[in-house]
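Throughout, read-outs are computed from the coordinates displayed, never taken from laboratory work. Bear in mind the structure is a predicted one, so any value in this text is a computation, not a measurement. Cβ atoms come from the backbone with ideal geometry, glycine included; neighbour counts cover every protein chain shown.
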Amino acid sequence: MPRIIAFDLGRKSLGIATTDSLLISAHGYEEYRFPDGAFQDATKHAIEVIKKENVLEICVGLPLHMSGEESKSSESARHFAKDLEIALPNVKVSLVDERMTTIIANNRLLEADLSRKKRKEVIDKMSAVVILESYLNQRR
């Protein structure tokens, strides 16, 4: 069954979340670590996951300032999304405003009583879940 996948691209990690087979709920998939700034590694890994998971749509978190202006990281996210579009022309790629996702994700992890170390290990994966939930709500 096709799925929707979300990515939260950081400087050293790629948070990945996917939907269930009914495209109703989002679940953390993986927190992929790569060398600082090695975005090509992240792109290659993302393409592998997309092919493995039979993905129908992709959403990539777009980091914006609270004012709505693009941040320096926005360029990396746009480039990442464009690379996915080129590599996978039959898969829809969307950018999703990711303002507040890290705060929401961190609050969820605090509520789950995770240690600071554990939160750091999974924050991007949880942020990808929040990005995907936001995307699913927009689709409805």
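For this structure, a couple of remarks:
- Selection among VAL60, SER74, LEU110 by position relative to the dipole of the stretch 55-140 gives LEU110 as farthest towards the positive end (Cβ unit charges, Cα centre).
- Between the stretch 68-116 and the stretch 5-31, the Cα center-to-center distance that results, in Å: 9 Å
- Per-residue Cβ neighbour counts within 10 Å put ASP97, ASP8, ASP113 in the sequence ASP113, ASP97, ASP8, beginning with the fewest.
- Proxy reagent accessibility, fewest Cβ within 10 Å first, across PHE39, PHE80: PHE39, PHE80
- Computed helical MRE - 222 nm, the chain, DSSP H runs ≥ 4 contributing -39500 (n - 2.57), nearest 500: -15500 deg cm²/dmol
- Point-charge dipole on Cβ atoms (K/R +1, D/E -1) for the chain, about Cα centre, debye to 20: 200 debye
- Shown for MET100, MET126: other C-beta atoms within 10 Å of each C-beta, ranked fewest to most, produce the order MET100, MET126.
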